[in-house]
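J.: What follows is a structure written as structure tokens; I'll ask about it next.
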Amino acid sequence: MTRERVIVIDFGGQYNQLVARRVRECNVYCEIYSYKIDIEKIKEMNPKGIILTGGPNSAYQEDSPSYQKELFELGIPVLGICYGAQLMMHKLGGKVITPEVGEYGKTEIHFEQNGVLFKDLPDTAICWMSHFDRILEAAPGFEVVAHTADCPIAATQNVEKNLYTVQFHPEVLHTQNGTQMIYNFVRKICGCEGSWRMDSFVENTIEEIRTKVGDGKVLLALSGGVDSSVLAALLAKAIGPQLTCVFVDHGLLRKNEGDEVESVFGKGGAFDINFVRVNAQKRYYEKLAGVTEPESKRKMIGEEFIRIFEEEAKKIGAVDFLAQGTIYPDVVESGLGGESAVIKSHHNVGGLPEHVDFKEIIEPLRDLFKDEVRKVGLELGLPEYLVFRQPFPGPGLGIRIIGEVTAEKVGIVQDVDFIYRDEVDKAAADYKKEHGCDPAWKPNQYFAALTNMRSVGVMGDERTYDYAVALRAVNTVDFMTAEASEIPFAVLQKAMSRIINEVKGVNRVFYDLTSKPPGTVEFE
């Protein structure tokens, strides 16, 4: 697809994906590349703008990530953020030093009226700082257009050459008007029209799929999660009965989830596709019997999925294409996009079934972030309960059950999780009905887990010795960090009461207050 684009050059910054997401929120397509990208490739892409990310190094050290000076002479607008700002100054004749005091967290910043990035914004704002080095002298031709109490040079500009730097992080939500600053850069300075929209993406991608597939057959492993569901809907719109979806129900899904997926994609559903549901619950429970180590459970669940998928694929026969729900964060986190450390491997990126007979892989969602995938889902007419389904790990409830996985334990955690989510949803809906907005405490993700702890309780004047369950709720922007949500105590109390009264085998309820780090969002 021919489209205007802005590129992000990554120097190892933790917010590289956030930068790209903020650009796309301005309806401008954006991609992330390592600082090792060849300048000839940049010239070939002819981006409308370039953004340099932060990073943990010192720009003036010889072994630090760097880029050739020619980048700033291409005539393409460049915005340097944090390390990117320091690198630009260092390369163009400014001076960067390591002071005695760094600057971290929320900081008040003061803007000059002639700052192009800050046009029509208030003179002061709270911004997010995260740096130890700072710019001591701006490069020749640059003027200082912002400062803080501890950072005399917090932003610079060379309007004639379209070069801009900010020491703070406009991409982080803690920075007031940060998204507007990025908008000013990509839409006003770079001159982007803002044509990157999900309706045009759907229309263009459907045509691309039809052209590529022709009269071929496509096979998709449908998990029921957001990504695979949106991909199934997109492929169904494009090629209809040429698509076969294999839905492996491993018995580790949330309550009623398997039936919900089948109601949308199965016989009588909204999409004219071949849908195969494999009820493999018993097979999985037998395989997982006696297994308690978390990583062993993960690998076993994933490997068994591949085996079942291969078995079903052989029944279908040769197909021309294998479709995968790879999305852009999968690519970046697997080390294939930017320069940041590999966060985790993804089964969609390099972990393919070895014995499935197909000619080529198609990944229509590979360029999209999760929020963009959801927009595509709505555009395609998927029901909201599928589109806005909470993140769910590939191994499912297998890693929300501490210790051995059994059918009994799965039933317990399904019921507890259903009640908990139901009470949180009802409380949030009541608040919104009364106040016209979501409550501040509403979490991004909330679920229940079954601990391997059993404790003594008293129910109906009788002694019990049953399981303890843990309720988890977090607020996060990017899932790299997360904080426990402050759900009102009355909501938790109501959920607890229902759980104890309605779920057999549970006599104690915990609420997990752990942030990430040091914890993780999931339990295993």
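The values are calculated or read from the model by the stated rules, or taken from the named source; none is laboratory data. None of these values were measured; they are calculated from a predicted model. Ideal geometry is used to build each Cβ from the backbone, glycine not excepted, and the neighbour counts take in all protein chains shown. The protein model used for the area step is the full one, side chains on, heavy atoms only, and it has no ligands, DNA or RNA in it. Shrake-Rupley method; radii C 1.70, N 1.55, O 1.52, S 1.80 Å.
J.: For residue 349, which of the numbered conditions (1) part of a loop (DSSP other than H, G, I, E, B); (2) modelled with pLDDT of 85 or more; (3) open to solvent by less than 40 Å² (accessible area, probe 1.4 Å) fails to hold?
T.: Condition (2) is where residue 349 drops out.
J.: Given the criteria over 22 Å from residue 378 (Cβ atoms), free of Cβ contacts under 8 Å to residues at least 12 places away in the same chain, out of contact with any helix residue (DSSP H, G or I) (no Cβ under 9 Å at 6 or more places or on another chain) and not hydroxyl-bearing (Ser, Thr, Tyr), does residue 212 qualify?
T.: So residue 212 does not fit the description; no.
J.: Does residue 442 satisfy the criteria of being of a type in the set (Lys, Arg), modelled with pLDDT of 90 or more and within 21 Å of residue 371 (Cβ to Cβ)?
T.: Taking the combined requirement at face value, the residue satisfies it.
J.: Report yes if residue 23 is touching a Phe, Trp or Tyr at 6+ places or on another chain (Cβ under 6 Å) and open to solvent by less than 10 Å² (accessible area, probe 1.4 Å), otherwise no.
T.: No.
J.: Suppose we filter the range 380-413 for residues that are of a type in the set (S, T, N, Q) and farther than 16 Å from residue 473 by Cα; how many remain?
T.: 1
J.: Further, regarding this structure: Any residue that is at pLDDT below 80, open to solvent by less than 50 Å² (accessible area, probe 1.4 Å) and within 24 Å of residue 371 (Cα to Cα) - is there at least one of those in the range 311-329?
T.: Yes: the range 311-329 contains one or more residues that are at pLDDT below 80, open to solvent by less than 50 Å² (accessible area, probe 1.4 Å) and within 24 Å of residue 371 (Cα to Cα).
J.: Could you please find all residues in the range 407-436 being small (Gly, Ala, Ser) and under 16 Å from residue 488 (Cβ atoms)?
T.: Selection gives 427, 428, 429.
J.: Now a separate question. What is the number of the single condition among (1) open to solvent by 40 Å² or more (accessible area, probe 1.4 Å); (2) in contact (Cβ under 8 Å) with a residue 12 or more places away in the chain; (3) among the hydroxyl-bearing types (Ser, Thr, Tyr) that residue 431 does not meet?
T.: For residue 431, the exception is condition (2).
J.: Next question, about the same structure. Name the pairs whose Cβ atoms lie under 7 Å apart, with the first residue in the range 168-188 and under 23 Å from residue 475 (Cβ atoms), the second outside any loop (DSSP other than H, G, I, E, B) and open to solvent by 50 Å² or more (accessible area, probe 1.4 Å), and 6 or more positions between them or separate chains?
T.: Every condition considered, the pairs that remain are 168/128; 169/128; 172/128; 174/106; 174/128; 175/128; 176/126; 179/25.
J.: Same structure, new question: I need every pair where a residue in the range 263-283 that is assigned to a loop (DSSP other than H, G, I, E, B) has its Cβ under 6 Å from the Cβ of a residue that is open to solvent by 70 Å² or more (accessible area, probe 1.4 Å), sequence separation at least 6 or different chains.
T.: From the range 263-283, the pairs are 272/241.
J.: Still on this structure, please answer the following. Would you call residue 254 surrounded by fewer than 19 Cβ atoms within 10 Å (Cβ to Cβ) and touching a residue at least 12 places away in the same chain (Cβ under 8 Å)?
T.: In short, no.
J.: Here's another thing I want to ask about it. Of all residues in the range 4-20 being under 14 Å from residue 328 (Cα atoms) and among the polar types (S, T, N, Q), which is surrounded by the fewest Cβ atoms within 10 Å (Cβ to Cβ)?
T.: Residue satisfying both the conditions and the ranking: 17.
J.: Right, here's the next one. What pairs come out if I take residues in the range 193-209 that are touching a residue at least 12 places away in the same chain (Cβ under 8 Å) and pair them with residues that are surrounded by fewer than 20 Cβ atoms within 10 Å (Cβ to Cβ) and among the hydroxyl-bearing types (Ser, Thr, Tyr) whose C-beta lies under 7 Å away, six or more apart or interchain?
T.: Every condition considered, no pair remains.
J.: Also, quick follow-up: Inspect the range 251-262 for any residue being more than 21 Å from residue 384 (Cα to Cα) and at pLDDT 90 or above and give the result as yes or no.
T.: Yes.
J.: Given the residues 302, 290, which is the only one that is part of a helix (DSSP H, G or I), surrounded by fewer than 19 Cβ atoms within 10 Å (Cβ to Cβ) and in contact (Cβ under 8 Å) with a residue 40 or more places away in the chain?
T.: 302
J.: Residue 494 passes all but one of (1) open to solvent by 60 Å² or more (accessible area, probe 1.4 Å); (2) closer than 27 Å to residue 298 by Cβ; which number fails?
T.: The failed condition is (2).
J.: Suppose the filter is open to solvent by 50 Å² or more (accessible area, probe 1.4 Å), of a type in the set (D, E, K, R) and either closer than 30 Å to residue 135 by Cβ or part of a loop (DSSP other than H, G, I, E, B) (or both); does residue 187 pass it?
T.: Judged against the criteria, residue 187 is a match.
J.: Another question, if that's okay. Which condition number in (1) in contact with a Phe, Trp or Tyr (Cβ under 9 Å, 6 or more places away or on another chain); (2) assigned to a helix (DSSP H, G or I) is the one that residue 411 fails?
T.: Only one criterion in (1) in contact with a Phe, Trp or Tyr (Cβ under 9 Å, 6 or more places away or on another chain); (2) assigned to a helix (DSSP H, G or I) is unmet by residue 411, namely (1).
J.: Considering only the range 1-66, give the strands (runs of 3 or more DSSP E) lying wholly within it that have at least 1 residues that are acidic (Asp, Glu) and farther than 20 Å from residue 195 by Cα.
T.: 5-10
J.: Sticking with this one: Scan the range 128-161 for residues that are outside any loop (DSSP other than H, G, I, E, B), β-branched (Val, Ile, Thr), within 15 Å of residue 111 (Cβ to Cβ) and open to solvent by less than 10 Å² (accessible area, probe 1.4 Å) and jot them down.
T.: 145, 156
J.: Now a separate question. Report the residue count in the range 163-206 for those that are on the phi < 0 side of the Ramachandran plot and under 23 Å from the mean Cα position of the chain (by Cα).
T.: Within the range 163-206, residues that are on the phi < 0 side of the Ramachandran plot and under 23 Å from the mean Cα position of the chain (by Cα) number 25.
J.: Quick one: in the range 197-228, which of the residues that are open to solvent by less than 20 Å² (accessible area, probe 1.4 Å) and assigned to a loop (DSSP other than H, G, I, E, B) is nearest to residue 242 (Cα to Cα)?
T.: Per the criteria, the residue is 216.
J.: Here is a follow-up. Being surrounded by 15 or more Cβ atoms within 10 Å (Cβ to Cβ) and among the basic types (Lys, Arg) is the filter here, so list the residues in the range 499-514 that pass it.
T.: Of everything in the range 499-514, just one residue is surrounded by 15 or more Cβ atoms within 10 Å (Cβ to Cβ) and among the basic types (Lys, Arg), namely 508.
Let's see how each residue does on (1) modelled with pLDDT of 95 or more; (2) within 20 Å of the chain's Cα centre (by Cα); (3) outside any helix (DSSP H, G or I):
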{"position": "372", "(1), (2), (3)": "no, yes, no"}
{"position": "394", "(1), (2), (3)": "no, yes, yes"}
{"position": "398", "(1), (2), (3)": "no, no, no"}
{"position": "421", "(1), (2), (3)": "yes, no, no"}
